[in-house]
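Take a look at the structure set out below.
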Amino acid sequence: MTTADSAPADRAPADSAPGSAALAEPVERVGRGWTSALSLANGAIWVGWYGPLQILLASQAEDFAPGSGMSKETMLAWVTGVGAVASLAANPLFGALSDRTTSRRGRRTPWIVAGTAGGALSLLLLAGADGVWTMAAGWCLVQLTLNAAFAAVTAAVPDRVPRLQRGSVGGWLGAAQILGVVGGTGLATAAGGVGAGYVACAVFTTLGVLPYVLRYEDLRLAERDRPAWTWRGFAAGFWLSPRVYPDLGWAWLTRFLMNLSNALVLLYLLYYLRDRLHHSDPEQGVLILTAVNGLTLLATVVVGGAWSDRVGRRKPFVIWSGVLMAVATAGLALWQTWPGAIVAAAVLGIGFGVFTSVDFALMTDVLPKAGDRGKDLGVINVANALPQVAAPALAAPIVTYLGGYRVLYLVAAVIGLAGAVLVGRIRGVD
């Protein structure tokens, strides 16, 4: 998957100088095996999330809604909203805890193992849910535990991958994420029932992380390198001042804006096809647009990251991918036809594929401290989850009172373009 320069790059060196390797800037390129195993682990975690999100939770809400006083739409929105709040807190929290872990198995591996095992058990709890409260509790546990594993997986990249290989590695992680979404949906659909769907996702998630945790040794943090513990200091560490770390602040804002723009595009896509384009089968239309978008995204996510590694630059790729996404989003507002929607979906996929891989590499390049990589990436990952909460609050009044879908997609285009332009404010990366 990525170029393997030497065999030792696939396995961590012996810990002859305890702690030094864990906090050092990596220089030895990782091999194909390491990248493949980490990508598979990443994809397996996304299977655990998106089997429920795409299919299983909606089916349960439909079953539990009668007699509950809630519609199935309200119940699903409430459960996923509570889970999203849990996710926002869990990712930086577990990233920070992994930064401080001095286990013999390393900083990240214990959390990948514990998070995945907890996630599988939580999915099995959801399989036995008998009402909205157990459904909500199970989904919150899934979010908490799988975010522990996800935080550790993403932190492994700046721990082990040199800067000029992070674009290609980020591309493979992005491809695995997309395949995990598709795979989770497929498993949940093909399993033959809600309970069986949860079991299938739990088994795949567990098996998917095994090649990485069993084959590849993690870097260890020495006790002497772990910072002194205080509750005040631990809590204060989650605030990354934009004045002190301006590059990180601008990088966070650009990721938030680009993801918010994308979330606004996807949120009401079904209603856009039905109410604005009067598509004869809007559900099938969403499936077609999703497939077109996914194919073009897969075609560019790895290539874009590898290309940015080759030329040693990040910002031009993020800027131009953002511009491309803004143009496609504006097309949904100005060319409101079915062919226009297909073209927009394809162009959005091209832009978002490049953005996904290169932006991940850019984020790892602006991390302030080696000792806080997990926590800082967790804070950055909030910029992925928060738009899912903000998009409905912004989109609903626009569609209802301020001009409908044309205005919604023009606003989304402006937001995405602002994110692309603000990348230029990051000074520490070429």
Whether the stretch 105-250 is rounded, prolate or oblate, judged on the alpha carbon gyration tensor where a/c under 1.5 counts as rounded: prolate
Points 7 angstrom from Cα along the Cβ direction at V244 and R232: gap in nanometres? 1.4
Protein chains only, probe 1.4 Å: how do W46, W320, W338 rank by accessible area, largest first? W320, W338, W46
Can you tell me the orientation of helix 32-51 relative to the chain, as the angle in degrees between its alpha-carbon axis and the longest Cα principal axis, to the nearest 10? 40
Along the Cα→Cβ direction, 7 angstrom out, place labels at E28 and D130. What is the inter-label distance in nm? 5.5
Identify, among L257, G48, Y245, the residue whose Cα sits farthest towards the positive end of the charge dipole of the chain, taking +1 on the Cβ of Lys and Arg and -1 on the Cβ of Asp and Glu, with the dipole about the Cα centre. Y245
Cα-projected label distance for A137 with T400, points at 7 Å along beta-carbon direction, nm: 3.3
If the only charges are +1 at each Lys and Arg Cβ and -1 at each Asp and Glu Cβ, what is the size of the charge dipole of the chain around the Cα centre, to the nearest 20 debye? 960
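Sorted by packing (mean other beta-carbon atoms within 10 Å per residue), highest first, where do 343-355, 91-103 land?
343-355, 91-103
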Considering every Cα-Cα pair within the stretch 37-147, what fraction, in whole percent, is farther apart than 24 Å? 28
Cα to Cα, under 29 Å, and not fewer than 8 places away if on the same chain: which lysines meet these conditions relative to K315? K369, K375
Pulled fully out, how much extra length does the chain show between V203 and Q284, if you take 0.36 nm times their separation in residues and subtract their Cα-Cα distance? 26.2 nm
For the stretch 285-390, rounded, prolate or oblate, judged on the Cα gyration tensor with a ≥ b ≥ c (square roots of eigenvalues), a/c < 1.5 rounded, else prolate if a/b > b/c? prolate
Over the chain: helical MRE at 222 nm, DSSP H runs n ≥ 4 each giving -39500 (n - 2.57), nearest 500: -25000 deg cm²/dmol
Decide, for the stretch 82-172, between rounded, prolate and oblate: order the square roots of the alpha carbon gyration tensor eigenvalues as a ≥ b ≥ c, take rounded if a/c falls under 1.5, and otherwise choose prolate if a/b is larger than b/c, else oblate. prolate
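The values are calculated or read from the model by the stated rules, or taken from the named source; none is laboratory data. Keep in mind the model is a prediction, meaning the values are calculated, not measured. As a convention, Cβ positions derive from the backbone with ideal geometry for all residues, glycine included, and neighbour counts pool all protein chains shown. Note: accessible area is taken over every heavy atom of the protein model, side chains too, but ligands, DNA and RNA are not part of it. Shrake-Rupley method; radii C 1.70, N 1.55, O 1.52, S 1.80 Å.
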